[in-house]
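Each remark here refers to the structure printed beneath this line.
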Amino acid sequence: MLYFIGLGLGDAADITVKGLQAIKRCSRVYLEAYTSILTVGKEALEEYYGKELILADRDLVEQGADEILKDADVTDVAFLVVGDPFGATTHSDLVLRAVQAGIPYRVIHNASIMNAVGCCGLQLYNFGETVSLVFWTETWRPESFYDKICKNRSAGLHTLCLLDIKVKEQSVENLMRGRKIYEPPRYMTVQQAADQLMQIVQRRREEGEELGMTEDTVCVGLARLGADDQVVRTGTLRQLASCDLGPPLHSLVVSGRLHPLEVDMLRLTAEPDALKGLKAIDSSTYCS
């Protein structure tokens with residue numbers, strides 16, 4: 001059988017009992033290593049699980065899936081994913097390949113950013129479409145995530161923004177020359193995400209466009225959710241652009257319509273004046 005096992009958000013101990021029992025039965029255990037990270041390294045996981053882990057980068061998962069599936073019809077193989085196996089990133093292709101090869105599979109779920117984000121005080125059923133914010137380059141500055149945020153806000157919904165991760169990436173020159181030289185890992189911060197959003201807001205303001213959010217929109221920055229040193233910080237978009245939330249991983253939430261209970265919860269982690277003017281807000285009023 002092929003097991004898809006969620007590892008949770010924090011460290012090695014966040015795995016479920018069911019997941020750990022499955023790992024111990026497996027002859028091979030792969031650790032998906034390109035969509036997220038834990039606060040501990042591969043060695044700490046191996047010690048806790050009592051198993052050697054095989055790092056599965058994007059190339060292996062997307063192009064070498066046959067290696068993962070090899071003999072999984074006669075032995076147990078595990079595919080470990082930080083968070084939940086089908087949370088922030090789906091691995092449907094691997095599931096379909098297993099089914100086509102006649103290999104049974106089982107999913108063992110765990111907590112992910114998709115549900116743990118509720119710790120910021122905003123109610124989960126008031127969230128709209130989740131979006132991904134990517135690193136800009138000199139020649140590529142997409143803005144589609146901004147439009148999706150504004151669409152959510154027009155419906156009164158909050159937006160969870162997953163911030164870009166660059167692991168085992170090649171420069172354009174090395175890619176063109178076929179050189180297997182990789183850039184250092186990069187993880188987008190809340191500061192960088194807020195700055196990119198403010199640049200979009202400013203550009204569209206100069207073009208006379210009606211804005212779906214501004215620098216004063218209430219947002220929440222999240223860092224290392226699920227870890228002992230997690231950080232939750234509420235502020236305006238402008239305030240979060242200057243907040244250092246420490247090491248990765250970071251996420252950003254852009255608020256929509258705020259319920260009074262949500263406002264009270266946000267005050268627990270708010271920067272000074274972040275929620276100024278929201279004292280009399282009700283469930284039919286949008287924040288600015």
> How many of the residues in region 233-275 are aliphatic (A, V, I, L, M) and more than 26 Å from S154 (Cβ to Cβ)?
Replying inline: 3
>> I'm trying to understand the selection: among the residues of region 94-114, which are in a helix (DSSP H, G or I) and either out of contact with any helix residue (DSSP H, G or I) (no Cβ under 8 Å at 6 or more places or on another chain) or open to solvent by less than 80 Å² (accessible area, probe 1.4 Å) (or both)?
In response: L94, V95, L96, A98, V99, Q100, I113, M114
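Picking from L55, L60, which residue would you name as being out of contact with any Pro (no Cβ under 6 Å at 6 or more places or on another chain) and crowded, with 17+ Cβ neighbours inside 10 Å?
Within the list L55, L60, the selection yields L60.
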>> What are the pairs with Cβ atoms under 9 angstrom where one residue, in region 182-208, is more than 15 Å from C150 (Cβ to Cβ) and touching a residue at least 40 places away in the same chain (Cβ under 8 Å) and the other, located anywhere, is open to solvent by 60 Å² or more (accessible area, probe 1.4 Å) and of a type in the set (S, T, N, Q)? Sequence gap at least six, or different chains.
In response: Q191/S242; A194/S242
> open to solvent by 80 Å² or more (accessible area, probe 1.4 Å), without any contact (Cβ under 8 Å) to a residue 12 or more places away in the chain, closer than 18 Å to V95 by Cα and outside any strand (DSSP E or B) - does that describe any residue in region 69-80?
Replying inline: yes
> Tally time: how many residues in region 226-270 are over 20 Å from the mean Cα position of the chain (by Cα) and in a helix (DSSP H, G or I)?
Replying inline: 10
> Does A223 count as hydrophobic (A, V, I, L, M, F, W, C), more than 19 Å from G128 (Cα to Cα) and surrounded by fewer than 21 Cβ atoms within 10 Å (Cβ to Cβ)?
Replying inline: no
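Quick check on region 166-225: of everything there that is in a strand (DSSP E or B) and within 20 Å of G246 (Cα to Cα), which residue is modelled with the lowest pLDDT?
Restricting attention to region 166-225, the residues satisfying the condition of being in a strand (DSSP E or B) are 166, 186-187, 218-223.
From the residues that got through so far, the ones that are within 20 Å of G246 (Cα to Cα) too are 166, 186-187, 219-223.
Working: K166: 84, R186: 89, Y187: 93, C219: 97, V220: 98, G221: 98, L222: 98, A223: 96.
Checking each candidate, the answer is K166.
Yes/no matrix, rows are residues, columns are (1) crowded, with 17+ Cβ neighbours inside 10 Å; (2) closer than 20 Å to P247 by Cβ; (3) not polar (S, T, N, Q):
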{"site": "L7", "(1), (2), (3)": "yes, yes, yes"}
{"site": "D11", "(1), (2), (3)": "yes, yes, yes"}
{"site": "D14", "(1), (2), (3)": "yes, yes, yes"}
{"site": "V17", "(1), (2), (3)": "no, no, yes"}
{"site": "Q21", "(1), (2), (3)": "no, no, no"}
{"site": "S27", "(1), (2), (3)": "no, no, no"}
{"site": "E32", "(1), (2), (3)": "yes, no, yes"}
{"site": "T35", "(1), (2), (3)": "yes, yes, no"}
{"site": "T39", "(1), (2), (3)": "yes, yes, no"}
> If the Cβ limit is 6 Å and pairs must be 6+ apart or interchain, which residue in region 23-37 that is closer than 24 Å to L133 by Cα pairs with which residue that is polar (S, T, N, Q)?
Replying inline: T35/T89
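How about region 137-150: which of its residues are assigned to a loop (DSSP other than H, G, I, E, B) and open to solvent by 40 Å² or more (accessible area, probe 1.4 Å)?
Correct list: T137, E138, T139, W140, R141.
The values are calculated or read from the model by the stated rules, or taken from the named source; none is laboratory data. In this text, all values refer to a predicted model and were calculated from it rather than measured experimentally. FYI the Cβ positions are ideal-geometry reconstructions off the backbone, even for glycines, and counts take in every protein chain you see. What goes into the accessible areas is simple: the full protein's heavy atoms, side chains included, and nothing from ligands, DNA or RNA. Shrake-Rupley method; radii C 1.70, N 1.55, O 1.52, S 1.80 Å.
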